[in-house]
Amino acid sequence: MKDSCNRKQGTPSPCAACKLLRRRCTQDCVFAPYFPADEPHKFANVHRVFGASNINKMLQELPEHQRGDAVSSMVYEANARVRDPVYGCVGAISSLQQQIDLLQTQLALAQAEVVHLRVRQNASRSSSNNRSGFRQASPSNSGSPSSHIMAPSHGKAIFDVDMDSLW
Ligand SMILES: [Zn+2]
């Protein structure tokens, strides 16, 4: 009781940043809210990539409500840089960009396939309603009569989509 009462209030364990930098963690420590003592690796990577004084400067320049986001961003960038020293988070961005390009190509092909099947379907309808119909205009390259318009066999090979369900 005597000892604990004599201890000054407000001297908690230093934050992860101050601990790593071996300095006193004051009450207004700019790092303390974002780098708690129980996550030491979080500051270690950021310090390695950006440097403590740069982090300090960036946080000081920001209004307090934006500092948490800035720290998350720096932690993300630093971790990416440690994982991939050459490209950092640009590596992740360009790999996602490649996925987008690939998916956009697939989407364009699927949309072209839909248009193609619709045209064939319309052509077969009008040619069965009207014998002098549009068989010439049909883009069908199978050369077969319009008896199996909906056969999705070649669509299935490229897209894992049931073309019938689009109608
Ligand atoms: Zn501190």
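What follows draws every value from the coordinates through simple rules; no lab data is involved. As the structure is a computational prediction, the values presented were derived from the model and not from experiment. Neighbour counts run over all protein chains shown; Cβ positions are idealised from the backbone, glycine included.
The slack in the chain from A44 to Q111, taken as 0.36 nm per residue of separation less the alpha-carbon distance, amounts to 19.2 nm.
For the stretch 11-83, the relative contact order works out to 29 percent when only alpha carbon pairs closer than 8 Å and six or more residues apart are counted. Each of T26 and R118 was given a label point 7 Å from its Cα along the Cα-to-Cβ line. The distance between the two points is 6.8 nm.
Here the spin labels are modelled as points 7 Å beyond Cα on the Cα-Cβ line, and at S94 and N56 they lie 3.6 nm apart. Extension gain for L102 to A70 (0.36 nm times residue separation, less C-alpha to C-alpha distance): 8.4 nm. The residue among H65, I55, Q98 whose Cα reaches farthest toward the positive pole of the charge dipole of the stretch 51-110, with charges on the beta-carbon of Lys, Arg, Asp and Glu, is I55.
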